[in-house]
Amino acid sequence: MKAGAENQRAKGDTLVCFALKEEARPFLKIVAEKSGVSILIVGIGRLNAEKSIREFLAGGAAGQTSPSGKPRLPALVLTCGFAGGLNPELKLGDVLFETADEDLRVRLLSAKVKPAVFFCSDRIATTVAEKQTLRGQTGADVVEMESAAIHAVCREHGIPCATVRVISDTAGEDLPLDFNELAKPDKNLDSRKLFFAIARSPGKIGALMELQKKTSFAARQLAAVLARVIYQ
């Protein structure tokens, strides 16, 4: 931990990071009238995540400063959101975690969150074949795109950090579209490309609606677990 980092923290404050607003929406409703929690939408991918959390920490939690005038850091950072299953035993809505902090590990286990091995990818794993390849190459249970960058920044600042993610698509299912091809250069979704992709393949509409139902369910499951972890 950096010298003086502890007394620069907002005691008890938690920063919860999500890539997308859709991932955060149910949790936002839970914390709307509660204090001590900040939510940061970091965008998709490592570069966006690193930029967003560095800017947040440089400004301090909610703009607060310590008596020394330095930005007041959160006591805890959680990197959250959707994840793809690589382990075929994982089901839609399963909430999993990974952390190097032993106290956090105990806290998450006591909240009935399952430990897992995460792989932080540079692209969305959209097919069963791609997921099987990643499973074989990395041995990971779960794939996502932001947490490695967030953990790295937290280590620099001496802030305990955990990945807490929910399975939104399992190892045995393809996504209805290759969302990598529908992304802008900054990796966020290009709505114009999505519109034309649907126009070219209207038969995908049903599968996309089903995916939306699954992700909404997954986001609610994650929100309930995060509330248990933070407020227990």
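Nothing in this text is a laboratory measurement; each read-out follows from the coordinates by a stated rule. This is a predicted model, so every value here is computed, not measured. We place every Cβ from the backbone using ideal geometry, glycine too, and count neighbours over all the protein chains shown.
Ranked by the mean number of other Cβ atoms within 10 Å per residue, highest first, peptides 171-182, 143-154 order as 143-154, 171-182. Per-residue 3J(HN,Hα) values for the range 39-47, derived from phi via the Karplus relation 6.51 cos²θ - 1.76 cosθ + 1.60 with θ = phi - 60°, read 10, 10, 8, 9, x, 8, x, 5, 4 Hz in sequence order (x marks Gly and Pro).
The amide H of Ile159, built 1.01 Å from its N in the peptide plane, has no neighbour under 5 Å, considering only residues 5 or more places off or on other chains.
Per-peptide packing, taken as the mean over residues of other Cβ atoms within 10 Å, places 81-87, 50-56 in the sequence 81-87, 50-56 from highest down.
Residue-wise HN-Hα couplings along the range 220-229, as the Karplus relation 6.51 cos²θ - 1.76 cosθ + 1.60 with θ = phi - 60° gives them from phi, are 5, 4, 4, 4, 5, 5, 4, 4, 5, 5 Hz; Gly and Pro carry x. Taking only Cα atoms, what is the 0 to 90° angle, nearest 10, from helix 191-200's long axis to the longest principal axis of the chain? It works out to around 20 degrees. Convex hull volume of the Cα atoms of the range 28-154, normalised per residue: 134 Å³. For Lys204, a cut-off of 16 angstrom between C-alpha atoms picks up these aspartates and glutamates, skipping any fewer than 8 places away in its own chain: Glu173, Asp174, Asp178, Glu181.
Across the range 148-162, coupling constants 3J(HN,Hα) worked out from phi with the 6.51/-1.76/1.60 Karplus curve, θ = phi - 60°, read 4, 5, 5, 4, 4, 5, 5, 4, 4, 9, x, 9, x, 9, 9 Hz, and Gly and Pro carry x. Checking the cross-link pairs Lys131/Lys193; Lys91/Lys112; Lys34/Lys114 against a 21 Å limit on the alpha carbon distance flags Lys131/Lys193; Lys34/Lys114 as lying beyond it. Once C-alpha pairs closer than 8 Å and six or more residues apart are averaged by separation and normalised to the residue number of the chain, the relative contact order reads 27 percent. According to the Cα-based calculation, Rg over Rh for the chain is 0.98, with Rh computed by the Kirkwood formula. With the convex hull drawn over the C-alpha atoms of the range 95-135, the volume per residue is 82 Å³. For the chain, the Cys residues with no second cysteine's beta carbon closer than 4.7 Å are Cys17, Cys80, Cys120.
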